[in-house]
There are 2 protein chains.
Amino acid sequence: MELQKFIETNGTLIQIEKGEQVFAQGELCDYVYLVKTGLLKAFYLTENGKETIKSFVQSGTIIGSLNAAHCHVPSTFSLQAIEACKLIQVPFKALLTLSKESISISQELIQILLSLSLKKERREFELLTLSATQRYENLCSAEPELVKNLTQNDIAKYLGITPVALSRIKNK
Amino acid sequence: MELQKFIETNGTLIQIEKGEQVFAQGELCDYVYLVKTGLLKAFYLTENGKETIKSFVQSGTIIGSLNAAHCHVPSTFSLQAIEACKLIQVPFKALLTLSKESISISQELIQILLSLSLKKERREFELLTLSATQRYENLCSAEPELVKNLTQNDIAKYLGITPVALSRIKNK
DNA sequence: TGTCAGTTTTAACATAGGTTAATGCTCACC
DNA sequence: GGTGAGCATTAACCTATGTTAAAACTGACA
């Protein structure tokens, strides 16, 4: 919570419209964002132009390309608003610096990274062991509200299938 | 490096034979392990008895079910030796406690968690956007030495396909 | 050297999901 | 109320991978 407070007081508020991008794959982005309101998607674009969604980002979440920010390399994914959003932007470096001075901030960062890695582990597990149908059912039961606000196109891209395949799955 | 030193001096050495498990899916495991020598696999077992490999664990790596250790819940995966191994075992809690007292340890933990999340991100990307053939090619070019030491069965389970499918991919 | 267990390959068939394209639906805007 | 853009469904066909089972290979050991 200390961390959240720091971001809110030291960060800058940015507002983005539906469809706009916060940052794009291939760009440097040294910031981390706290989502105040709205909904975003983080997605990859492959060379042949196909989009696959890494995650949906809901309010309350801290998001950023940690990779890009930390190693000063281009981001591997884009972040785009599905609905109009209010975000608070803060340089990732500021957080790291702060964490060097404060044990409690360090601990919070560790907590955040731990829970991030849990989330990714679950996702990895699902991609590795479940069928598209099972992944769809999981998503529906884990995030019923979210699913209602998404297009079938975006749900399909999140599941790693085409919208056509998702339509088929639904009609069973 | 401080962290590694701490583990080496405060941890207990354990040796396990090829085929033995360090911990099993479903068990509590509050430890973290530093791999001194050997090779292991971390894998999931699904209800219908199918095994899928999450990652191969080589010497120098720190491994454990962070999830299980941190939240005191059963591990979601098993850890098994592919070759005889020497590991150093230390309670995850000891690391967390230590990190609360030392900024430099906290920082190291943050680094480890960051690089862990990068690794998982790459894996997620591959599972989501690449075909089995591409994933196999990636693995061969990224870890040629590792691939030589694995059975086709284990490689297939890591790629998320059957050994039969992998054999087909190779003969193209 | 022969045998056996474990691994890999091959083959035949089944199924999930991809691709393309046509059709139908819905809602914002004139 | 009519029109058009974007979204969702359906259908026909294609390809990758799964499943099962048999055959071939490999290496350890009696």
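The values are calculated or read from the model by the stated rules, or taken from the named source; none is laboratory data. Here the structure is a predicted model, which means the values were calculated and not measured. Cβ atoms come from the backbone with ideal geometry, glycine included; neighbour counts cover every protein chain shown. Ligands, DNA and RNA are excluded from the accessible area calculation, which covers all protein heavy atoms including side chains. Shrake-Rupley method; radii C 1.70, N 1.55, O 1.52, S 1.80 Å.
Overview of values
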item	result
Pick from the stretch B:94-104, criterion more than 12 Å from A:S99 (Cβ to Cβ) and in contact (Cβ under 8 Å) with a residue 40 or more places away in the chain, ranking: farthest from the chain's Cα centre (by Cα)	B:S102
Within the stretch B:130-139, tally of residues that are in a helix (DSSP H, G or I), open to solvent by less than 70 Å² (accessible area, probe 1.4 Å) and within 11 Å of DNA strand D (Cβ to nearest atom)	4
Test result for A:I105, in a helix (DSSP H, G or I), within 16 Å of DNA strand D (Cβ to nearest atom) and touching a Phe, Trp or Tyr at 6+ places or on another chain (Cβ under 8 Å)	no
The stretch A:144-172 residues that are within 14 Å of chain B (Cβ to nearest Cβ), paired with ones that are part of a loop (DSSP other than H, G, I, E, B) and open to solvent by 40 Å² or more (accessible area, probe 1.4 Å) (beta carbon under 9 Å, 6 or more apart)	A:A156/A:T162; A:K157/A:K50
Output for the stretch A:36-65, where each listed residue is hydrophobic (A, V, I, L, M, F, W, C), buried (at least 20 other Cβ atoms within 10 Å of the Cβ) and away from DNA strand D (no atom under 16 Å from the Cβ)	A:A42, A:V57
Test: residue in the stretch B:148-155 that is open to solvent by 30 Å² or more (accessible area, probe 1.4 Å), among the β-branched types (V, I, T), under 18 Å from the mean Cα position of the chain (by Cα) and within 16 Å of DNA strand D (Cβ to nearest atom)	yes
Among (1) within 14 Å of chain B (Cβ to nearest Cβ); (2) loosely packed, with under 15 Cβ neighbours inside 10 Å; (3) under 22 Å from B:R122 (Cβ atoms), the one test that A:L28 misses	(1)
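Results for (1) within 16 Å of DNA strand C (Cβ to nearest atom); (2) open to solvent by 40 Å² or more (accessible area, probe 1.4 Å); (3) in a helix (DSSP H, G or I), shown as yes or no for each residue.
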{"position": "A:A68", "(1), (2), (3)": "no, no, yes"}
{"position": "A:T76", "(1), (2), (3)": "no, yes, no"}
{"position": "A:Q80", "(1), (2), (3)": "no, no, no"}
{"position": "A:S99", "(1), (2), (3)": "no, no, yes"}
{"position": "A:F125", "(1), (2), (3)": "yes, yes, yes"}
{"position": "A:L128", "(1), (2), (3)": "yes, no, yes"}
{"position": "A:S141", "(1), (2), (3)": "no, yes, yes"}
{"position": "A:S167", "(1), (2), (3)": "yes, yes, yes"}
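Here is a yes/no grid of residues against (1) at pLDDT below 95; (2) within 14 Å of chain B (Cβ to nearest Cβ); (3) within 14 Å of the chain's Cα centre (by Cα); (4) over 28 Å from A:S102 (Cα atoms):
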{"site": "A:N10", "(1), (2), (3), (4)": "yes, no, no, no"}
{"site": "A:E17", "(1), (2), (3), (4)": "yes, no, no, yes"}
{"site": "A:L34", "(1), (2), (3), (4)": "no, no, yes, no"}
{"site": "A:E47", "(1), (2), (3), (4)": "yes, yes, no, yes"}
{"site": "A:I53", "(1), (2), (3), (4)": "no, yes, yes, yes"}
{"site": "A:A69", "(1), (2), (3), (4)": "yes, yes, no, no"}
{"site": "A:C85", "(1), (2), (3), (4)": "yes, no, yes, yes"}
